[in-house]
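Below is one structure, written out as C-alpha cells; comments come after it.
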Ligand code: A2H
C-alpha cells in the first residue's frame, strides 16, 4: 500500500427495503422513484458470488450523492470527491450531496448484491473496523474468503442483540466459491479457526490470516460457481470484473 494507485471495483448494491430510521430520513429528500445504491469498493471481484451482507461503519457519516437523473450513491464524501474526477458523476468535478446519512441509521437495510447466491438480497450490517479513509467506506462481506468478514459475521451472530440486529441477518449461508488445495473450499473460516481468532479486533492475527488466505486463494484457487466455473482465480478475476462493468452493475474506482 502507498506505493501506487489502488484499482478497486465499485459495486452497485441497490436498496430494496430501508431500515425504519433511514427511511424516515430519506423520505422527502430523495424522489420515491430513485435508484439508491450502497457502493462498496473491492479488490476481489471474483468473490462477489459469495456476498452474504454488506458492512458500513456505524459511526461514519455517509452522504447520499446524486450521480445521474435517477441514480444516487451512498458513500463517504472523500470517495464522492474522488469519483467526481473519474467521470462517475454527470458533471466533471461536481458531486452533489442530497443529504447526510449516519451509518447507524442504515443498519438492517436490504440490498440486492450482484452475483450473490442470496437472490432475495443481503442486509447492511455494522463493522467497527471499517475505515472512513479507504475506498468508499462501504465493504461488501464475503465470509468464505475474507478472514475480516468471517470474524465480523461470527461476532455479529454471537452478539446480535448487543448490535441491535437480527441474528439471521448475519447468519446467511456461507457458500463455497473458491476451492484451494491447502485450505479447502471455505478458506477464511478454515484459517480463522486454525489461528484461533475469536474477534474482529484480533488485528494482528487477522493480518496474518488475510495474507495466508489471499496467497492460497489467488495463486492456487479455482472458481466453483458462475460463468467462469473451473477457471483459476487469477484468470477469472479480470473476467468477472469486466462482466460486472459491462452489465452496469459496477465501475472502476481508483485512489
Ligand atoms: B475486499 P486494500 Cl473476499 N475499511 O473485498 C476496511 N476494509 C475495506 C475498506 C474500508 N474502508 N474498503 C475496502 N475494504 C476491504 C472482498 C475481499 C477483500 C475478500 C478478501 C480480501 C479482501 C470482500 N470483502 O481484502 O488494502 C475490501 O475487502 C483484503 C485486504 O486497499 C477490499 O477488498 O487492498 C480490501 O479491503 C481493500 O483493501
Computed [θ] at 222 nm, deg cm²/dmol, the chain (DSSP H ≥ 4; -39,500 (n - 2.57); rounded to nearest 500)
-8500 deg cm²/dmol
Measuring from label point to label point, each 7 Å out along Cα→Cβ, what is the residue 134 to residue 232 span in nm?
2.7 nm
Determine the percent antiparallel among the DSSP beta bridges restricted to the stretch 1-109, to the nearest 5.
70 percent
Going by Cα centres, the stretch 33-96 and the stretch 165-241 are how many Å apart?
24 Å
Which shape class applies to the stretch 149-230: rounded if a/c is under 1.5, otherwise prolate when a/b exceeds b/c and oblate if not, where a ≥ b ≥ c are the square roots of the Cα gyration tensor eigenvalues?
oblate
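Can you pull the percent of Cα pairs in the stretch 7-254 with separation above 32 Å?
Numbers: 5372 of 30628 pairs.
Above the 32 Å cut-off, the stretch 7-254 has 18 percent of its Cα pairs.
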Could you check which residue among 103, 226, 135 shows the biggest mean-square fluctuation in a GNM of the chain with a 10 Å Cα cutoff?
226
Helix 147-158 axis, angle to the chain major axis (alpha carbon atoms, nearest 10°)
80 degrees
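As a test, work out the antiparallel percent of DSSP beta bridges whose residues both lie in the stretch 7-254, rounded to the nearest 5.
Numbers: 31 of 40 bridges.
Counting only bridges with both partners in the stretch 7-254, antiparallel ones make up about 80 percent.
Need the full-extension length gain, residue 61 to residue 201, defined as separation in residues times 0.36 nm minus the C-alpha distance. One decimal, nm. Present the calculation step by step, with values, prior to reporting the outcome.
On the way: separation 140, 0.36 × 140 = 50.40 nm, distance 2.17 nm.
Once the chain is fully extended between residue 61 and residue 201, it gains 48.2 nm.
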Choose one answer from 148, 69, 120: the residue with the largest mean-square fluctuation in a GNM of the chain with alpha-carbon springs under 10 Å.
69
If the elastic network links every pair of Cα atoms under 10 Å, which of 61, 153, 39 fluctuates the most in the Gaussian network model of the chain?
61
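The numbers here are math on the coordinates, done by the rules we state, and not lab data. All figures in this text were calculated on a predicted structure; none of them were measured in a lab. For neighbour counting, all protein chains shown are included, and Cβ atoms are generated from backbone atoms with ideal geometry for every residue, glycine included.
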